[in-house]
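Accompanying notes for the structure given below.
The values are calculated or read from the model by the stated rules, or taken from the named source; none is laboratory data. None of these values were measured; they are calculated from a predicted model. In this analysis, Cβ positions are derived from the backbone assuming ideal geometry, glycine residues included, and neighbour counts consider all displayed protein chains. Accessible surface areas use protein heavy atoms only, side chains included; no ligands, DNA or RNA. Shrake-Rupley method; radii C 1.70, N 1.55, O 1.52, S 1.80 Å.
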Amino acid sequence: MANSSNSNNNNKQKKTKSSGGGSSWSLNKVSFYALCVVAFMYLLAMIFSLVKVAALATAATIIQNIATAVVICVAAVNAWRFVKGKQTVWKVLYALVLLIILVGIVVPLVV
């Protein structure tokens, strides 16, 4: 009798330990896969930079910029989830920080 109740408790514990399974795409999964893609992109960029061919060096720069954009997007989504329930000052700070990031990306491209 004690064994059957103990095994029921173990089954319940096993079910609660599983992390967001199934086919749902949670933000955590998207973040993880985005990091994997970004790591692969940086690896390609490093390989292209080592080859020292002008076209590949340009491709490496483009790949690094895309990877940076992906990381910023994932961080921005996570930051918005943190800020959306907070006071207005947090939302204004969020918008200001994103604006500074965008200006920091665009200005070096133009100048």
List the pairs whose first member sits in the range 69-92 and is within 13 Å of residue 27 (Cα to Cα) and in contact (Cβ under 8 Å) with a residue 40 or more places away in the chain, whose second member is open to solvent by less than 70 Å² (accessible area, probe 1.4 Å) and in a helix (DSSP H, G or I), and whose Cβ atoms are under 8 Å apart, counting only residues at least 6 apart or on separate chains?
-> 74/30; 74/31; 74/34; 77/27; 78/27; 78/31; 81/27
Among residues belonging to the range 83-92 that are in a helix (DSSP H, G or I) and touching a helix residue (DSSP H, G or I) at 6+ places or on another chain (Cβ under 8 Å), point out the one that is most open to solvent (accessible area, probe 1.4 Å).
-> 90
The number of residues in the range 7-47 that are part of a helix (DSSP H, G or I), over 21 Å from residue 75 (Cβ atoms) and modelled with pLDDT under 80 is 11
